[in-house]
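S.K.: Provided herewith is a single structure, encoded as structure tokens, for subsequent inquiry.
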Amino acid sequence: MIKVYLDWNCITHCKDSLSELKSLFERYKSTFICPYSEAHLRDVLRNFNSNPEAFSSDINLLTEISNGNALLLKDGKIELLKVNPNEYLSKEKNFLDLLNNFNISYHAIRQRIRGLLKKEDVESIAKENYPQNVIPLINSIIQRDSKITDDINTILEQTNSFAQNNIEIRIKQVYYMLDLLGFRSEEKNKSFANIDTDAQHIVLASLCDYLISNDKRLRDKANAIYSHVHCATKVMDPHTFIEEMPHIVEQCYDTELIPNVMSQYGNPTMQEDGAHIKAMEYPLWGFFKYCYNATALNNTLTQNMAFFMPEKQFIFYDELEQLARIVALVFPKAQRESYVQDYVQSFIYSRPKNNLVFTIDSVRYKYNCLLTTFEGLPALRISYERI
């Protein structure tokens, strides 16, 4: 399924101005998954003491949209849970303490940092129209004034040697630097707790396919950061995403496109960032984002064979169930539900099923499929012939 991360503003407006977005997620619930995170819980807890009724309403909405799928980071490691937000909060009492401890005078720090820069540099950073250009601009300012070859990466590595191995630290450090230096800065009365929560949204969204936000400042900072760290997450405003959703669904399930996908995406090429393969524009069935042409890996294999892999190194429980239901369509009706449950349970107990062979017919092609695993996650081998 396609992982869509909604910022808190989008979720709350699903009650009113973005009710269409909520309706579309219900309509396409087999294609999209919208996990909640600790950043969402921070947002919802703001009403915990001051407005219990609003807190309860927000928790219910978050539960409905996420279907209880939680995407968390613990010490830089991904943790997936199938648990309702209320149940999770009842076990994690430290969330309130965490919020109360964010008492840093962030605005004063920001003013001090900007006072160290030339006025024209601060203005040029603030006025940069293209997010992907702002970090190269900041690097040029650093290198000009320091007369050395330092850039944002080397400075952050020197201040925190763990940054490159921890996506949360790496993204947050760049986020703070962008805001402190004046790129799409937040309002001066915004607390450090709010700033850090926004940064956390960008961190967690980097593990998903889409980040949807109504906040242009957050979108621009996310685009700048994702460009800098070579993250493929697409950033959209909710109205554009609403328009795109039917097209995304259509492309994901269009089996007629598979031969073109295999030829367009399946051949490894060396990119600037060292990647050997590019991600498909839309994942096959919402799961498989990378396509490896078989002959590119082994020239003894047939040319019309490819291996399809998931994009991220994790899959939610709901995604496993949905993948099983797609595959189970080739079974007699009486066998489908038992296959779905057996398949999901095989992953839960770390004994994933391998070597399930099935055939799918489209208008022009017959696809011979082998559902297997790659590094513990579902993978698919497809070969085709014209009908």
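The values are calculated or read from the model by the stated rules, or taken from the named source; none is laboratory data. Predicted model, so just to flag it, every value in this text is computed and none were measured. So basically every Cβ, Gly included, is an ideal-geometry build from the backbone, and we count neighbours across all protein chains shown. Note: accessible area is taken over every heavy atom of the protein model, side chains too, but ligands, DNA and RNA are not part of it. Shrake-Rupley method; radii C 1.70, N 1.55, O 1.52, S 1.80 Å.
S.K.: Counting only residues that are open to solvent by less than 90 Å² (accessible area, probe 1.4 Å) and at pLDDT 70 or above, which one in the stretch 88-121 is farthest from Tyr226 (Cα to Cα)?
M.R.: Ranking the candidates gives Ser90 first.
S.K.: Identify, by number, the condition in (1) part of a loop (DSSP other than H, G, I, E, B); (2) touching a Ser or Thr at 6+ places or on another chain (Cβ under 7 Å) that Glu256 doesn't meet.
M.R.: Here Glu256 meets the rest and fails (1).
S.K.: Taking the stretch 168-183 as the search range and keeping residues that are open to solvent by 20 Å² or more (accessible area, probe 1.4 Å) and at pLDDT 80 or above, which one is nearest to Glu79 (Cα to Cα)?
M.R.: The qualifying residue nearest to Glu79 (Cα to Cα) is Glu168.
S.K.: Within the stretch 212-222, restricting attention to residues that are surrounded by fewer than 19 Cβ atoms within 10 Å (Cβ to Cβ) and in contact with a helix residue (DSSP H, G or I) (Cβ under 9 Å, 6 or more places away or on another chain), which residue is farthest from Glu128 (Cα to Cα)? Spell out how you get there, then give the answer.
M.R.: Taking the stretch 212-222 and keeping what is surrounded by fewer than 19 Cβ atoms within 10 Å (Cβ to Cβ), we get 214-217.
Now drop any that are not in contact with a helix residue (DSSP H, G or I) (Cβ under 9 Å, 6 or more places away or on another chain), which leaves 214-215, 217.
Details: Asn214: 20, Asp215: 17, Arg217: 12 Å.
Ranking the qualifying residues of the stretch 212-222, first place goes to Asn214.
S.K.: Right, another one. Just checking, which of Val235, Val203 is in contact (Cβ under 8 Å) with a residue 12 or more places away in the chain, buried (at least 17 other Cβ atoms within 10 Å of the Cβ) and under 25 Å from Glu20 (Cβ atoms)? Break it down into steps so the answer makes sense when it comes.
M.R.: On the way: Val203 fails: under 25 Å from Glu20 (Cβ atoms).
Step by step, each of Val235, Val203 is checked, and only Val235 is in contact (Cβ under 8 Å) with a residue 12 or more places away in the chain, buried (at least 17 other Cβ atoms within 10 Å of the Cβ) and under 25 Å from Glu20 (Cβ atoms).
S.K.: Check the stretch 7-17 and report whether any residue there is open to solvent by 10 Å² or more (accessible area, probe 1.4 Å) and free of Cβ contacts under 8 Å to residues at least 40 places away in the same chain.
M.R.: Yes.
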